[in-house]
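Structure, as structure tokens:
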Amino acid sequence: TLIFWRWPSGFQRSCARDGMPPWILGPMPRYKQKAKTPKSEDAVLLAPKFVKILIRGYVTIPTEEQAIKSLIDYFYVPKDNDIRPVYNGASCGINLSLWAPNFWLPTGRSALRVLDFDYHMVDIDLGEFFLNFPLPEIISLFSGIDLTPFRALLEQHGFELFVDSDGLCKVRWERCWMGCKPSPFFAVRFFYWGEEFARGN
């Protein structure tokens, strides 16, 4: 995570601690659809994914004051003898309420145009890139995950999930999650701020 207390004071430091202020276009969603119960063999593969994001603090079990106001729809896809959860910001309605600027990304062809003979390039894959950066609380409150189908498996790993007034066991995102419209903008902006801060003048 960002070592926010060493960032430049003012706007950048508050963003590094609390997340960047989002642009909200209209009413935030109230999506309450329960998660589908997976097959038992899929649940065994999925539970460690949720354990991982809980251990790392990417998601948290909310207090009563942090009540989750809306859920995120998610599904899972097989990947190389494994399984991956995919979070969908479109179907739950949150992406309709948020705006983020588009920005240009180079393609392989446009990157090649700036090279000459004996030049070299490297592709750097920054692991869990979005999850390095904080999500503002106003989005976090509407970024809940229903983990009710995984309650027994998560309790085996030592996590106490409580049942809320909706009868569900929920956690909420504290980091920029893949599938949320502003996450690419927040993450790239944070990265370039961080690089500028680290390199200095």
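For Lys36, the lysines whose Cα comes closer than 18 Å to its Cα, not counting residues fewer than 8 places off in the same chain, are Lys49, Lys170.
For the range 114-129, the Karplus equation 6.51 cos²θ - 1.76 cosθ + 1.60, evaluated at θ = phi - 60°, returns couplings of 8, 8, 10, 4, 6, 8, 10, 10, 9, 9, 9, 9, 8, x, 6, 3 Hz by residue, with Gly and Pro reported as x. Who wins for biggest fluctuation among Phe186, Phe75, Phe142 in a Gaussian network model of the chain, springs between alpha carbons below 10 Å? Fluctuation is largest for Phe75.
Looking only at Ile145, Ile124, Ile24, which one moves most when the chain is put into a Gaussian network model with springs between Cα atoms under 10 Å? With Cα springs under 10 Å in the chain, the top fluctuation among Ile145, Ile124, Ile24 is at Ile124.
With the simple model of a label 7 Å out from the Cα in the direction of the Cβ, Ala152 to Phe197 spans 4.5 nm. Taking label points 7 Å from Cα along the Cα-to-Cβ direction, Arg30 and Ala67 give a separation of 1.1 nm. Taking a point 7 Å from the Cα of Val188 along the Cα-to-Cβ direction, the residues of the range 99-123 with backbone N closer than 20 Å to it are 99-115, 122-123.
Normalised by residue number, the volume inside the convex hull of the Cα atoms of the range 138-196 is 116 Å³ per residue.
Please grab the % of Cα pairs in the range 41-188 that end up more than 28 Å from each other. Provide the component values of the computation, followed by the final result.
Details: 3146 of 10878 pairs.
Pairs farther apart than 28 Å: 29 percent.
Near the amide H of Leu98, within less than 5 Å, lie the amide hydrogens of Leu25, all on another chain or at least 5 residues away, with H placed in the peptide plane. Among Glu64, Glu174, Glu128, the largest mean-square fluctuation in a Gaussian network model of the chain (Cα springs under 10 Å) belongs to Glu64.
Read the figures in this text as sums done on the coordinates, not as results from a lab. Here the structure is a predicted model, which means the values were calculated and not measured. We place every Cβ from the backbone using ideal geometry, glycine too, and count neighbours over all the protein chains shown.
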